[in-house]
Amino acid sequence: MVGDGAPIPLASPDLSSPSLSAVSSLVEAARRRLHILAGRGLGWHLHSSLTALPILAVLYAYWVPRGRVEGVDRQVILSKGHASLGFYTLLEEMGVLEEGSVEELFAKPGSPLQAHPEAGRTPLTIVSNGSLGQALSVSNGLVIGSRLKGRRVEVAVVLGDGELDEGQVWEAAATAAAMRLWEVVAIVDRNRVQHTGETEAIKPKEPLEDRWRSFGWKAVTVGGRVEEIAGALDSRAGDRPTAIIVEAVDA
């Protein structure tokens, strides 16, 4: 399976919409697994994966399935692709990947589980990532394209807070607001750390809510609990895009 260049065979997941308590249990199981993997020497961007876990779990195990029940096509883009280890571990816990796939395949030559997820080969990945700052523009395009086709598609983009240093993020934010792309939601993993240090020491982000609002977005800050993230998604604006800033919990 490793090295043949083919998409990974999937398990048969149950993607029915679970309760939020089940999503919380999913997060805890994935978190425990990440710490085990780190103890075995597999700790790629561990902190970033840990803080992204509750966001990804709510999106993939609650928001997307709930949309399916309601007849809404919902897509997720993991812009901060360096959180891939957490993403893959979550997919294992959800049953999308077979147990043991991460340890066997992560970042191996020819593997579909590369250090940054690859569209067309990595499960549940519609956009290859790793080049930070581009995914919000992609989400705008997906929504605009769906409108032209008479379809309703909603897109959630998971951004790192350090990624907000990229100018393209704010160009995309201005476009989404100008075109009233209410179907777009940006979720910022506010763990306050980027590659070379603390975010506020490198390029201060605060007041972050006000910054998003100045671009015409609804903006809200929540804690890293599953219930808070889900609540923010359920109360998005219906006339403009929404930014949800998730203050990272101690992972």
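Values for this structure:
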read-out: Pairwise centroid distance, computed over Cα atoms, of the range 195-238 with the range 145-186, Å; value: 14
read-out: For the range 83-220: rounded, prolate or oblate by the Cα gyration tensor [a/c cutoff 1.5]; value: oblate
read-out: Förster radius 30 Å - calculated FRET efficiency between Asp239 and Ala115, Cβ distance, rounded to 0.05; value: 0.20
read-out: Volume in Å³ per residue [convex hull over Cα atoms, computed for the chain]; value: 121
read-out: Surface accessible to a 1.4 Å probe, Val222 within the full protein complex, Å²; value: 20
read-out: Cα-Cα over 32 Å, subset of Lys108/Lys203; Lys80/Lys108; Lys108/Lys149; Lys108/Lys205; value: Lys108/Lys203; Lys108/Lys149; Lys108/Lys205
read-out: Accessible area in the full protein assembly, largest first, 1.4 Å probe, for Arg190, Arg40; value: Arg40, Arg190
read-out: Cα-centred dipole magnitude for the range 118-207, charges only on beta-carbon of K, R (+1) and D, E (-1), debye, nearest 20; value: 560
read-out: Most to least accessible of Arg66, Arg74 (protein chains only, probe 1.4 Å); value: Arg66, Arg74
read-out: Convex hull volume per residue for the range 66-153, taking Cα atoms only, in Å³; value: 100
read-out: 222 nm mean residue ellipticity, helices alone, for the chain (DSSP H n ≥ 4; -39,500 (n - 2.57); rounded to 500); value: -12000 deg cm²/dmol
read-out: Highest-MSF residue in the chain out of Gly39, Gly86, Gly224 [GNM, Cα springs under 10 Å]; value: Gly39
read-out: Two-site FRET efficiency, Arg192 against Ser25, from Cβ-Cβ distance with R₀ of 30 Å, rounded to 0.05; value: 0.65
read-out: DSSP beta bridges in the chain [antiparallel fraction, %, rounded to 5]; value: 10
read-out: Gain in span if fully extended, Met179 to Ser128, counting 0.36 nm per residue against the direct Cα distance; value: 15.9 nm
read-out: Area of Ser128 that stays accessible when all protein chains are in place (1.4 Å probe, Å², to 10); value: 70
read-out: Relative intensity, log₁₀ I(q)/I(0), of the range 145-231 from a Debye sum that treats every alpha carbon as a point, q = 0.25, 0.26 Å⁻¹; value: -1.40, -1.45
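The values are calculated or read from the model by the stated rules, or taken from the named source; none is laboratory data. All values reported here derive from a predicted model rather than from experimental measurement. Counting neighbours? That spans all protein chains shown, and the Cβs are built from the backbone with ideal geometry, glycine included. We work out accessible area using only protein heavy atoms, side chains counted, and drop any ligands, DNA or RNA first. Shrake-Rupley method; radii C 1.70, N 1.55, O 1.52, S 1.80 Å.
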